[in-house]
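In what follows, a structure is listed as structure tokens, so that the remarks can point back to it.
A short reminder: the numbers here are calculations on the coordinates, not readings from a lab. Here the structure is a predicted model, which means the values were calculated and not measured. Every residue, glycine among them, receives a Cβ derived from its backbone with ideal geometry; neighbour counts consider all protein chains shown.
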Number of protein chains: 4
Amino acid sequence: MNTIIAPEIYAQQWHNSDPLSIASLRGKVVAVHAFQMLCPSCISHGLPQASAIHELYASDQVQVIGLHSVFEHHSVMTPEALKVFIHEYRLGFPIAIDQPVEHGPIPKTMAAYQLQGTPSLVLIDRAGRIRLNHTGRVNDMQVGNAIGQLLKEAPVAEDAPVQKAASAPAATHAPSEKNTDSKKSERCNSDHCSI
Amino acid sequence: MNTIIAPEIYAQQWHNSDPLSIASLRGKVVAVHAFQMLCPSCISHGLPQASAIHELYASDQVQVIGLHSVFEHHSVMTPEALKVFIHEYRLGFPIAIDQPVEHGPIPKTMAAYQLQGTPSLVLIDRAGRIRLNHTGRVNDMQVGNAIGQLLKEAPVAEDAPVQKAASAPAATHAPSEKNTDSKKSERCNSDHCSI
Amino acid sequence: MNTIIAPEIYAQQWHNSDPLSIASLRGKVVAVHAFQMLCPSCISHGLPQASAIHELYASDQVQVIGLHSVFEHHSVMTPEALKVFIHEYRLGFPIAIDQPVEHGPIPKTMAAYQLQGTPSLVLIDRAGRIRLNHTGRVNDMQVGNAIGQLLKEAPVAEDAPVQKAASAPAATHAPSEKNTDSKKSERCNSDHCSI
Amino acid sequence: MNTIIAPEIYAQQWHNSDPLSIASLRGKVVAVHAFQMLCPSCISHGLPQASAIHELYASDQVQVIGLHSVFEHHSVMTPEALKVFIHEYRLGFPIAIDQPVEHGPIPKTMAAYQLQGTPSLVLIDRAGRIRLNHTGRVNDMQVGNAIGQLLKEAPVAEDAPVQKAASAPAATHAPSEKNTDSKKSERCNSDHCSI
């Protein structure tokens, strides 16, 4: 079993919610949906799926968190633009704006979770561990199956041994180097946008 | 919790499989999809969903059973016609033809399960108990969630107390009486065909 | 321009209409949609498109005719079964049952029009000439475009020279010979069923 | 028949094309698709339909023009953001950025055409006259039918009497006054965004 403890959400701003912390959600299943507002597959597939999770499950069982992780075209996918986007698409679940870093295009939470692009779906169990981390499309039945299984698990005891995720952010140096303009045109395909 | 033990499948004939018995599937989750080959919602929704379950799960974990439960238009939804239908639609999972009864239009398994029409989805847990019994559409995320939860349950011990389903078939006398020609035109709507 | 005069519809029976003759529809655009009730692509694509044509156009401008042209599995796609099918799918436009022939599986109208399978769409202009004859899927915009163009044409004069379709039926001997059981499993693909 | 001569396209900038003028397209059918990059129904319905028109017809017969008519949220639907949007959605047809005006939110071409919101589809005949002007969804068969009919018309003679559209822009004063913040939340529904 993957026993990486889910890193925190480093957010510049929250919509539809007060700030949420992964630590404080212990006991619930958490579904983090990372997206970019101009990523076609996020709009056609990822965000509707996140809304469906939000509607299907009681909020004391499953917490959906949208994560706007902009790793390209930063000057147009701004917090102000996202606000309009959330309004026009009537998204109702909590959405965090991933925190930019000083050097490099990949924001802080995206790096910490080692996401490979958008849309990405991360499922975190009641004990705070990452159990699914997938970039690209996952169909609804698979998502329902995964969440259903996690819901049946008991929260682990506070002192259960888990691996620290301290080394995770470091691993993202490599992908951020791929992020050159010359590759721009191949970044988004019909399945996802990749870093 | 619903603790009705799932009745047996009374089949006139099987396709894509040797005869299966519910009793012998103890330990697996079983998804019974009841349909009629001329029910529009079965073709557009129910059968594709049954195929998706069949493809997603390993057969030693989840067993899909199609159940052709004809309760109207018996003279045209014949075993011979079903054989062509299965061939043309390339259905690959086991399909049982529900056994007709001498008096009344509702076949034996449909009556035993008290199904209200087609499509119906019945989920049976590892201990052989009915845990979902729904006529009409259920979306894929809900089905995945329900199966995911059942997969995480341990099979109950052989001697666990469960309620006999002995009285179930009796309850179907009422619905079969509704089955008059005068109501024919309202039986199938965009969601399902009802008895 | 294809100047084949459309052959008559040879019908064993009509649903939703008194018998129609191609000759008597001179002055209208006619859309003949050939289907088989157990052809998957007819149900998912062809019949909904025929219904859309029926709903979009006034009946004094465009006449839709469904043509049940059974060329395989004759024993189960019977007139009685079709009647149930039309009822369950709530098809509202005129539907003719293509007339079987004594020798060979291909019914008479299908042979006269040299259709290659189902679904097939035939468009006939105001002068009674075949202007489109396509087996497989055609998208809605293309169908709308073709009908729109035909609607703008003036009916040709009664004595306009047109090629007789007398030789058309003869040409169907070849396809009917392909109709052997050994090819059965490859006949219907995701686009259409072919003879 | 509506005999309003189509006003010119007042563009701040063009993508995928040198500047096009309505006057110079006389002889072709022109389909102007007005959209906003953050209008949900434009993304799910209008732009795919514009692409379908672009793919179906030869460019010497039908000219598709995308028109980015921003009438709300101007600060985020900028030319720079549109450039990214066109890239990510791989739009291949000519797209004009509607020219902003000094006073009021409604850009110049949108006002001249009296568009009521986005998506809007305007069809212009070979003689340069507006023949369809619809805000909201139109299905593909209807669009194909309308274009097909226009394609069959001969271009009118140069000196045909047509009504000047000089008064058209004036009529837009009213709608622009509706554009207050208090109505913001009701502007985009599942069919379209309205001014």
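Of note:
- A Förster distance of 51 Å, applied to the separation of the beta-carbon atoms of B:K83 and A:E102, puts the FRET efficiency at 0.15.
- Counting, for every residue in A:144-154, the Cβ atoms of other protein chains within 10 Å of its Cβ and taking the mean gives 6.
- Axis proximity, chain A to C: residue whose C-beta lies nearest, plus whole-Å distance: A:S190, 9
- Teacher prompt: D:E153 distances to equivalent labels in other copies, 7 Å Cα→Cβ, nm: 2.0, 6.6, 6.7
- Sites matching GluC sites (Glu not before Pro) across region C:83-153 that sit in DSSP coil, with at most 14 neighbouring C-beta atoms within 10 Å: C:E102, C:E153
- Violating pairs (Cα-Cα greater than 25 angstrom) within the set A:K28/B:K28; A:K83/A:K108; D:K83/D:K108; A:K152/B:K28; C:K108/C:K152: A:K28/B:K28; C:K108/C:K152
- Ranked from shortest, the separations from the 7 Å Cα-to-Cβ label point of B:D191 to its equivalents in the other copies are 2.5, 3.7, 3.9 nm.
- Between copies, the label points of A:S24, set 7 Å from Cα on the Cα→Cβ line, lie 5.6, 6.0, 7.7 nm apart, reported in increasing order to one decimal in nanometres.
- Zone of A:S75's modelled label, taken as backbone nitrogen in region D:73-102 under 19 Å from a point 7 Å along Cα→Cβ: D:74-89, D:97
- Shielding of B:55-64 by partner chains, average beta-carbon count, 10 Å: 1
- Loop-located trypsin sites (Lys or Arg not before Pro) in region D:40-125, at most 16 other Cβ atoms within 10 Å (DSSP): D:R90
- Reducing region A:56-80 and region B:104-134 to their Cα centroids gives an inter-centroid distance of 41 Å.
- Residue mean of other protein chain beta carbons inside 10 Å, D:73-80: 4
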